[in-house]
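The structure appears right after this line, and notes come after that.
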Amino acid sequence: MLPRCLLLLALLFTVVRAAEPAAIKPADAAKLVAEGKALLVDVREPMEWAESGVAAPAVLLPKSEFDEGLLGDWRGFLDQAGDKTLILYCRSGRRSGDVATALAAKGFKVANAGGFKDWQAAGLPVRRVGGK
């Protein structure tokens, strides 16, 4: 009985892991965006954008609006995304992973670039947002 339980547990773990979006390094994400093959999306909230800045090529679409039924610019953005890969990031990579998983389930090509701090650490361009 125990080996059968272990087999089921291993299978479940494999299925869960397969559902996770691919991770991508910020430098690779920047290259795909520059080549026009991908779109970079910052899913943090507006207050976070104003506090720290954002990746220069990022489209700013908060996760809260995604969660509330594709409010704000989400629907239009997704309608225009075409076959490009959507590369998401947030502060740490957790929220972007959640959104990427949901988008993958809807048939979008996605990747998770992790956190904004990773983008900055890679020396990639950033821009200020808002009044700061």
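The values are calculated or read from the model by the stated rules, or taken from the named source; none is laboratory data. It should be emphasised that the depicted structure is a prediction, and the values quoted were computed from it without experimental measurement. Methodologically, a virtual Cβ is constructed for each residue, glycine included, from the backbone with ideal geometry; neighbour enumeration extends over all protein chains shown. For accessibility, only protein heavy atoms count, side chains too; no ligands or nucleic acids. Shrake-Rupley method; radii C 1.70, N 1.55, O 1.52, S 1.80 Å.
Annotations for the structure displayed:
- Close pairs from segment 88-108: first over 19 Å from GLU45 (Cβ atoms) and free of Cβ contacts under 8 Å to residues at least 60 places away in the same chain, partner of a type in the set (S, T, N, Q) and in a strand (DSSP E or B), Cβ under 9 Å, at least 6 apart: PHE108/THR85
- Residue identified as modelled with pLDDT under 95 and within 11 Å of the chain's Cα centre (by Cα) among PRO21, PRO3: PRO21
- Every pair of residues 6+ apart whose Cβ atoms lie under 6 Å, when the first sits in segment 62-80 and is open to solvent by 30 Å² or more (accessible area, probe 1.4 Å) while the second is in a helix (DSSP H, G or I): LYS63/ARG95; LYS63/VAL99; GLU65/TRP74; LEU71/GLU65; GLY72/GLU65
- Within segment 116-131, residues that are of a type in the set (A, V, I, L, M, F, W, C) sit with their Cβ atoms under 7 Å from residues that are open to solvent by 70 Å² or more (accessible area, probe 1.4 Å) and not in a loop (DSSP other than H, G, I, E, B), at 6+ positions apart or across chains, in these pairs: VAL126/GLN120.
- When residues of segment 82-126 are limited to those that are among the hydrophobic types (A, V, I, L, M, F, W, C) and part of a loop (DSSP other than H, G, I, E, B), the one farthest from ALA50 (Cα to Cα): PHE108
- Residue in segment 23-39 that is in contact with a helix residue (DSSP H, G or I) (Cβ under 8 Å, 6 or more places away or on another chain), free of Cβ contacts under 8 Å to residues at least 40 places away in the same chain and either among the aromatic types (Phe, Trp, Tyr) or crowded, with 17+ Cβ neighbours inside 10 Å (or both) present: no
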